[in-house]
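The values are calculated or read from the model by the stated rules, or taken from the named source; none is laboratory data. Treat the numbers as computed from the prediction; the structure is a model and nothing was measured. Here Cβ is always computed from backbone atoms with ideal geometry, including for glycine, and neighbour counts include all displayed protein chains. Note: accessible area is taken over every heavy atom of the protein model, side chains too, but ligands, DNA and RNA are not part of it. Shrake-Rupley method; radii C 1.70, N 1.55, O 1.52, S 1.80 Å.
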Amino acid sequence: MAAMVGVRRAWKQRMAAWQRRWGTEVGLFLRQPLALIGLALIGVFGLMALAHPVLMATVWNRARFDPIVGYDASQTPHPHPPTPQHLLGTDGFGRDVLSQLLVGTRVSFGVGLIAAAVAVLLSVLLGGTAGYFGGWADAALMGVADVFVLMPPPVVLLIFGLLLRLNWPMVALSYGVLSGLGAQAVVVKSHTLVLRNRSFIEAARLAGGGHFHILRKHILPGLMPLLAAHAVFTVVGAVLTESLLSFFSRTTYYLSWGSMIWMGQQSFRWFTLEGQWHVILPPAFALMGFCSAFYLVGRALDEVFNPRLRRV
Amino acid sequence: MRDEILVDIQHLSKLYPVETGFFTRTNLFVHAVSDLNLQIYRGESVGLVGESGCGKTTTGKLLVRLIDPTEGKIAFHAEDGVVDVATLRGKALKRFRRNVQMIFQDPYESLNPRMTIYDTVAEPLDVQGIGTLPEREERVAELLETVGLTPASSFMFRYPHELSGGQRQRVAIARALVVEPTFVVADEPTSMLDVSVRTGVMQLMQELADKLGVTYLYITHDLAVARYMCQRIAVMYLGKMVELAETEELLHHPQHPYTRALLSAVPVPDPTYKRKPMEIKGGISKPINPPPRCRFYERCPIADDFCRDNDHPPLEDKGGNHFVACYKV
């Protein structure tokens, strides 16, 4: 009667089940060409971000290639079009555009990832608590969320920027707080509410599980797909907002794609196509590519986890 | 066997306030269960029958303390003494959970789609800290075989979506039984299942009752199911128990007008059968602040002014363990 299931064999089966489950989801994700393009682009940007310190330490002369204070006196006038030495030329201050582009990638990753982490954490804390416990907690926390819903992060950050110049971790943090406590918290709350009213939660309570057990084993895993999608879209929003702020010079004097575009639009006229295209196009395309990459991954995640979109 | 009380329910009530607004205090209440009295004996199966919205499921959830009662006592006679379910807290409540379990109506809702069958069935063991990992695995495998999911090893590490409805409900039964409870509330466990697998699940539950000595409160709206599963049947109407008797006695000699109407609505497998006209009129009335008279007054064919002017009749013994709550019978 008693089926002896040896521990080792059980582990194998557990892994197989896990693989079957994640296998189908990963399979659905990878089956979408757009997801692959997105992942590949993110990979390229990742390499770019890693390349900068390596190049600075090995090939590039610090005085000539520093993204902020570098100056190449051997090539004038600046901005100078691409040469074998400066593959993307130099900007109006004589700084290497490629070096700037690579540093900008690092800033974009930093802004995006910090904002996403903060937003996800706060939306789970606020929305999860409100949805799970309900009652007064719900009323009070959703009151907070309602206030934040009314504040679109780019606009609020521009106003912040008029008062004081922000550094990029501040931009990331504020964007994360604003979007995490606003719309995302509301969505997480409604999703938590759906989960907590399913009868497997009642079964878990009957098993003797307390709030911590239910939140950890049932609510949080159920929220994960939603949070992944939120995180990805927060990256896009935060990076665009940071570029907007630094384009308008509302940030401190660090280098990002936004400030590069601002440099570029001084030496390039869109309507007459006069001037140096190589200063403005690289950061512009980089920004577009970076945001599209995360957007594509987000769409693909949505396709996998949102059953109404799933095409079998 | 019949003389040992397992669950003794005294004056059990559950009122839900009607939401009227955020700041206004409501004095409207839905009387989901009101003043329910019932003794369940060790080893028997009691059926709880009634139409939708009459408070069957609320009663079941009160008994396993998924919701807190507004009033009343539920004395549960555990092996280590009597506890009042209504006031259990903390450690005592957690221990009580090992004695009492529930099987839910919808096996598509009651299993977490992100957990394997093993994780679902072993969850009570995990939470209660029973056994080591290999012991739990063996216990779960054994139980899966008991509920007919053989071979257990091919089911243990599957996900609910890989199983059929009947198999899922067997998993839910295994989860309820894994802590070896003495009392199980089964909330329409077969109503969401395909007719072809219903009897299988019912037979399984009977076998388990015989083998493990489980006492059931079997909630259903289907009298045929209640007849198959239960020794006694309690009929509920709008939060009140209106009749309670041994199964065959109730089915052959129904006394309360509502029970009679319920039985006359049971389909008869004979196309030429001419149905007697329905005795009762109207639909189920609202249980929000019901007036102090018989709850069945509006629909009753035999009610008179006495029924209107007096409170809901108490459950009276009509002899032979047959209890009826009606002034007119």
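With every protein chain in place, what's the accessible area of B:Ser13 (1.4 Å probe, Å², nearest 10)?
B:Ser13 exposes around 10 Å² with every protein chain in place.
By a straight-distance test (C-alpha under 21 Å), which lysines pair with A:Lys217 as possible cross-link partners, with residues fewer than eight away in the same chain excluded?
Counting by Cα, and skipping residues close in sequence, A:Lys217 has these lysines nearby: A:Lys189, B:Lys91, B:Lys94.
Taking every residue in B:144-153, how many Cβ atoms of other protein chains lie within 10 Å of its Cβ, on average?
That works out to 2 on average.
From the square roots a ≥ b ≥ c of the eigenvalues of the alpha-carbon gyration tensor of the range A:77-192, which class results: rounded (a/c under 1.5), prolate (a/b over b/c), or oblate?
Prolate, since a/c reaches 1.5 and a/b exceeds b/c.
When DSSP beta bridges are limited to those with both residues in the protein assembly as shown, what percentage is antiparallel, rounded to the nearest 5?
65
Work out which chymotrypsin sites (Phe, Trp or Tyr not before Pro) in chain A are exposed loop sites (DSSP not H, G, I, E or B, at most 12 other Cβ within 10 Å) and give the longest gap free of them.
A:94-252
Considering only DSSP states other than H, G, I, E and B, which trypsin sites (Lys or Arg not before Pro) in the range B:248-289 qualify as loop sites with at most 13 other Cβ atoms within 10 Å?
B:Lys274, B:Arg275, B:Lys281
In the range A:33-305, with Lys and Arg counted as +1 and Asp and Glu as -1 at Cβ, which of these residues, A:Ala137, A:Ser99, A:His86, has the Cα nearest the positive end of the dipole, that is, farthest along it?
Positive-most Cα among the choices belongs to A:Ala137.
Cβ under 11 Å from B:Tyr159's Cβ, B:Tyr159 left aside: what net charge do those residues give with Lys, Arg +1 and Asp, Glu -1?
Spelling it out: positives minus negatives among the neighbours equals +3.
A:Ser74: accessible area at probe 1.4 Å, nearest 10 Å²?
Number for this one is 80 Å².
Mind checking the mean number of beta-carbon atoms from other chains within 10 Å of the Cβ atoms in B:108-116?
6
What is the local net charge at B:Gly213, summed over the other residues whose Cβ is closer than 13 Å to its Cβ (Lys, Arg +1; Asp, Glu -1)?
Net charge in that neighbourhood comes out at -4.
Just to be sure I follow: if Rg is taken over the C-alpha atoms of the range B:99-243 and Rh is the Kirkwood radius over the same atoms, what is Rg/Rh?
0.98
For the range A:33-305, what's the radius of gyration and Dmax over Cα atoms, in angstrom?
Cα only, the range A:33-305: 22.4, 78 Å (Rg, Dmax).
Net charge around A:Phe65, counting only other residues with Cβ within less than 11 Å of its Cβ (Lys, Arg = +1; Asp, Glu = -1)?
Spelling it out: positives minus negatives among the neighbours equals 0.
Could you tell me which trypsin sites (Lys or Arg not before Pro) in the range B:67-127 are loop residues by DSSP with no more than 14 other beta carbons within 10 angstrom of their beta carbon?
Counting only loop positions with at most 14 other Cβ atoms within 10 Å, the trypsin sites (Lys or Arg not before Pro) in the range B:67-127 are B:Arg89.
Of A:Val69, A:Val171, B:Val268, which has the most accessible area and how do the rest follow, probe 1.4 Å?
A:Val69, B:Val268, A:Val171
Over chain B, with every protein chain in place, what whole percent of the accessible area is carbon and sulfur at 1.4 Å, could you tell me?
Answer for chain B: carbon and sulfur cover 51 percent of the accessible area.
For the range A:1-114, just list the percent of Cα-Cα distances falling in each 5 Å bin from zero outward, please.
2, 10, 13, 13, 10, 9, 7, 7, 6, 6, 5, 4, 3, 2, 1, 1, 0, 0
How many angstrom lie between the Cα centre of the range A:221-272 and the Cα centre of the range B:144-211?
Here the two parts' Cα centres lie 55 Å apart.
So if a site counts as exposed when it's one of the trypsin sites (Lys or Arg not before Pro), its DSSP state isn't H, G, I, E or B, and it has at most 15 other Cβ atoms within 10 Å, what's the longest stretch of chain A without one?
In short, A:166-307.
Counting Lys and Arg as +1 and Asp and Glu as -1, each charge on the Cβ, what is the dipole of the protein assembly as shown about the Cα centre in debye, to the nearest 20?
That gives the protein assembly as shown a dipole magnitude of about 1160 debye.
Note down the accessible area of A:Met56, probe 1.4 Å, to the nearest 10 Å².
Here the residue's solvent-accessible area equals roughly 20 Å².
Quick one: 3J(HN,Hα) in Hz for the range B:281-294, Karplus 6.51/-1.76/1.60 with θ = phi - 60°, rounded, Gly and Pro as x.
10, x, x, 5, 7, 7, x, 8, 6, x, x, x, 8, 4
Would you mind checking which residues have amide H under 5 Å from B:Met236's amide H? H placed 1.01 Å from N; only 5 or more apart, or other chain.
So B:Met236 has HN proximity to B:Val49, B:Gly50, B:Val242.
Å³ per residue of the Cα convex hull, for chain B?
Each residue corresponds to 164 Å³ of Cα convex hull volume.
With bins 20 Å wide starting at 0, give me the P(r) of the protein assembly as shown over every alpha carbon pair, in whole percents.
In order of increasing distance, the bins hold 16, 36, 27, 15, 6, 0 percent.
Please give the average number of partner chain Cβ atoms lying within 10 Å of the Cβ of each residue in B:60-72, rounded to a whole number.
That works out to 1 on average.
Report the calculated FRET efficiency for B:Glu162 and A:Val69 (r = Cβ-Cβ distance, R0 = 60 Å), to the nearest 0.05.
That pair, B:Glu162 with A:Val69, gives E of 0.45.
What are the residues whose amide H is under 5 Å from the amide H of B:Ser34, where those residues sit 5 or more places off or on another chain and H is modelled from the backbone?
Result for B:Ser34 returns B:Lys14, B:Lys240.
Quick one: pull the percent of accessible area on the range A:99-186 belonging to carbon and sulfur, 1.4 Å probe, ligands and nucleic acids left out.
81
Could you do me a favour and compute the accessible area per residue for the protein assembly as shown, 1.4 Å probe, result in Å²?
Result: 47 Å² per residue.
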